[in-house]
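What follows is a short report on a single structure.
The values are calculated or read from the model by the stated rules, or taken from the named source; none is laboratory data. These figures come from a predicted structure and were not determined experimentally. Positions of Cβ are backbone-derived with ideal geometry, glycine not excepted, and every protein chain shown enters the neighbour counts.
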Amino acid sequence: MTSIVYYFQVHQPYRVKPFPYDAIGARSDYWDDWLNEDVAKRVAEKCYLPMNRQLLRAVERSDGAFRCCFSVSGTAIRQLAAWAPEALSSFRDLAESGSVEFLCETSRHSLAALVDPEEFQAQVGEQRALLKEHLGVEPTAFRNTELITDASVAQQVKELGFEVLLAEGADQLLHGKTAQALYGMAGADGFPLILRDFQLSDDIGFRFSNQGWEGYPLLAPTFNGWLESLPDERPFVGLFMDYETFGEHQSRDTGIFDFMDTMVDLAVGSDKLDFATPTEIARRDPIVEDLHYPRPISWADEERDVSAWLGNHMQRAAHEAIYKLGPAARASGDPDLLNAWRDFTTSDHVYYMSTKCETDGDVHEYFSPYDSPHDAYLNVMNALEDLRRRLGAD
Amino acid sequence: MKVLVLGWEYPPAVAGGLGAACHGLTTALADRGHEVTLCTPADGAPADPAPYPGIERVSLGSDASFSPFHPGAILDPYSVDRVAGAAGAPAGAPPTGSAAQGADPKDPGSRSSSSHAQSARKLYGEDLSTAIQRYSREAVTRLADRDFDVVHAHDWMTFPAALRLRFVRRRPVCLHVHSTAIDRGGASAPGPVGSISAVERAGLRTADRVCAVSGFTRDLLVREYRLDPERVSVVHNAAPSGVNSSPARVVGPEGPSVLFVGRLTRQKGVGFLVRAAARVLESCPSARFVFMGEGEDRTRMIEMAAALGIGRRVFFTGGVSSELRDRAYADASVFVLSSVSEPFGLTPLEALRGGAAPILTDACGVREVLPSAPVCPPWDAAGLSAEIVTLLTDEARRLAVVEQGRAELARLTWAESARHLEAALEQARSTSGRRSKG
């Protein structure tokens, strides 16, 4: 029996308004609320609401046998609360079903774990409060932003009282070993790691509607056949993807909704497959061995490292400029300034500055509201300069 | 003297450019009592918001001039804008003809910047060679029977027309060089810089007299085009209009600002200023560097600043309105003209008006009229950063540079420039026909 561990990531950043040089010191409305509201409402309409409905029906239809987990970033929770409250309450319905686990992450979908442990801890605390307030849950499993993981991240997560960490099953980490087993983190007392099977995950998340792919069109019996043919000793398979895959990245007319519905029903009826959540796996399965992380590993781009966010000079300059303001923001005693600064820590801002080309560049461009990485960089640096002056920081 | 002026851009469509210089020189010549006829491409004169007494305007290349209904093309009111009358005529008197269309004649400022950009595109865009051919052809057909003593032509676009008139009418020609293809290609561009360079070289070697916008440009013409220095007069530009109103500024809590204004190109030496900025910020960490302008080096410069670890202190504003530019001048402590090859360079004069202390490279013409300004060689990032640090840390010195610069600025008038130009035109007349090529 192999357990399917579905994890869906829900995230929306607060995108920055055009902030030209002469706006520095002249205005301090950093966020493009018109755009943010527009995107939040559109994605709620096309993805969150219909897919949540479908998954809740699957839980009910299967008497709770269908199980999955979500992570909803704090910036997404706040935007849904403001602009699409019905979508937020549909997440709450899933939480109350008892079959859906909600993971914790940083409240701002930030890179704080890499550079600012104090801020990381603060944002985890914020996220716990948001999850409690809006979804009524107390998380026990953790995923760091974009699955960025290494021993230091695992150690911080462990110290904050979580039981398990989700991570990428990258080749450079596994060296040919399977991702379909519970590992421990070397250097963090073997803290449990549930890895993503990137092949099977990306079949749904990226390749599903790609007509040039040899597996196209992907049908549920085919996909479940692949899962059923996994060796018996594999305890679980991690299928991790952006939740916006359903209805947003892959539009409804690709058949992605029907695929998922059928896939779930077939798996529930299969004697070789079932579903489980990360905390259930961590409590059930033994750790097979410890993994050594040579560097932080993420689920992004071909490199599976942090180069999607910190790959070029502009990204590193902006990243440094953001975290340099942290101490002043936290010491300011002004909740508005601190909140504004924290929303700049959202990793999307530096992601938009990526200058990678070819396949991954297309992905970056798909997500970016800017004309070019350089425009993204200048815009954020201008806004940060304004914030710096308001904070009275160096 | 009856002077036939061949210009390309009038009224000024591009700030700090050829149009401004042409305007300043031509009006000052008229003020000195000369009869001036100013010819510009029809496309370049969408309106004349401030018609000037004593200057007759001729638009060359307008479709109307070919109309069979206007056989006397030169007298065609739709293409000739004669502003007769006394100096006391109201500046806003509606000029006759099509030239007035599209603008409120009482408020030159009402022209939108986009219409400036449009006319600039027309003037310097892809139609340029066609426009030059048409301009040259019509200059001969429409001006050959006019009465004039000398032709004064501004920059290479008008040189072919001037030389044709010289041949047809046997009148002396004075060619005025505001910039060369060699400047625009960067000092180290290999070999001759294409056909524009050839037009410049041929024209300048034939002309009866040459005016250069600076000694720097004269030396370049002598060196690159093998002109006899005796044939070249230097006629500096004057200061842009306006008054020295801004007091020298006090540095605010946001730190002192070091300003660059211009195109982000190799010619302007931007990379060398970015490298200097990194050195300056080591000793003046609160300084800001502001780069105003667009250009093909933009992305490279942004990345360079980020790579040098000074991204937080370096700002790229892109193209900005003249109002924002003036504000930046007033806000700046130091202004840097980092050009590798700059025939003149008007921006330091604008910066002085705003109260910023200019630093120049020694490869620019403007240093000849601002002898007190600090100077360093182009590409010398260490030398430039030392000059910037001095001005940022020694306020008395900085104020002295501003004060001396403003005194030098006050002496720069178009009337003075026109006096030198007049002498050059006289020399053109006296040498005409007596000189062999070379």
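Of the helices (runs of 4 or more DSSP H) lying entirely inside the stretch A:233-348, the ones with 2 or more residues being in contact with a Ser or Thr (Cβ under 9 Å, 6 or more places away or on another chain) and within 14 Å of chain B (Cβ to nearest Cβ) are found at A:313-324. When restricted to residues that are farther than 17 Å from A:Ala170 by Cα and part of a loop (DSSP other than H, G, I, E, B), the stretch A:200-223 contains 13.
Reported count of residues in the stretch A:354-368, each being in contact with a Phe, Trp or Tyr (Cβ under 7 Å, 6 or more places away or on another chain) and either at pLDDT 90 or above or not in a helix (DSSP H, G or I) (or both), is 1. Per the conditions (1) under 15 Å from B:Pro348 (Cβ atoms); (2) crowded, with 19+ Cβ neighbours inside 10 Å, the sole criterion not satisfied by B:Leu421 is (1). Residue check: B:Ile359 meets all listed conditions (1) touching a helix residue (DSSP H, G or I) at 6+ places or on another chain (Cβ under 6 Å); (2) closer than 21 Å to B:Thr413 by Cβ but one, namely (2).
When residues in the stretch A:301-353 are screened for being small (Gly, Ala, Ser), modelled with pLDDT of 95 or more and within 14 Å of A:His109 (Cβ to Cβ), 1 of them pass. Elements of the type helices (runs of 4 or more DSSP H) sitting completely within the stretch B:106-202 and holding at least 2 residues that are at pLDDT below 50: these cover B:113-124.
A single member of B:Glu368, B:Glu350, B:Glu323 is within 23 Å of B:Ala21 (Cα to Cα), out of contact with any Cys (no Cβ under 6 Å at 6 or more places or on another chain) and within 14 Å of chain A (Cβ to nearest Cβ), and it is B:Glu323. Taken across the stretch A:41-63, residues that are over 29 Å from A:Thr2 (Cβ atoms), assigned to a helix (DSSP H, G or I) and aromatic (Phe, Trp, Tyr) do not occur at all.
Every listed requirement among (1) on the phi > 0 side of the Ramachandran plot; (2) at pLDDT below 70 is met by B:Asp43 save one, (1). Scanning the stretch A:98-114 for residues that are farther than 16 Å from A:Pro139 by Cβ and of a type in the set (Ser, Thr, Tyr) yields a single hit, A:Ser110. Kindly check whether there is at least one residue in the stretch A:1-15 that is assigned to a helix (DSSP H, G or I) and either crowded, with 19+ Cβ neighbours inside 10 Å or touching a residue at least 40 places away in the same chain (Cβ under 8 Å) (or both). Checked against the condition, which is being assigned to a helix (DSSP H, G or I) and either crowded, with 19+ Cβ neighbours inside 10 Å or touching a residue at least 40 places away in the same chain (Cβ under 8 Å) (or both), the stretch A:1-15 yields no hits at all. Using the structure shown, decide if B:Asp362 is over 22 Å from B:Asn237 (Cα atoms) and either charged (D, E, K, R) or modelled with pLDDT of 95 or more (or both). Considered against the rule, which asks whether it is over 22 Å from B:Asn237 (Cα atoms) and either charged (D, E, K, R) or modelled with pLDDT of 95 or more (or both), B:Asp362 comes out as no. Answer yes or no as to whether B:Phe335 is at pLDDT below 95 and either over 18 Å from the mean Cα position of the chain (by Cα) or away from chain A (no Cβ under 13 Å) (or both). Spelling it out, it is not the case that B:Phe335 is at pLDDT below 95 and either over 18 Å from the mean Cα position of the chain (by Cα) or away from chain A (no Cβ under 13 Å) (or both). Counting only residues that are at pLDDT below 95 and over 23 Å from the mean Cα position of the chain (by Cα), the stretch B:404-426 holds 0 of them. Test A:Asp274 against the criterion of being touching a strand residue (DSSP E or B) at 6+ places or on another chain (Cβ under 6 Å), of a type outside the set (Ser, Thr, Tyr) and surrounded by fewer than 21 Cβ atoms within 10 Å (Cβ to Cβ), and give yes or no. Taking the combined requirement at face value, the residue satisfies it. Note on the stretch B:279-312: residues that are under 22 Å from B:Ala351 (Cβ atoms) and more than 9 Å from chain A (Cβ to nearest Cβ) total 12.
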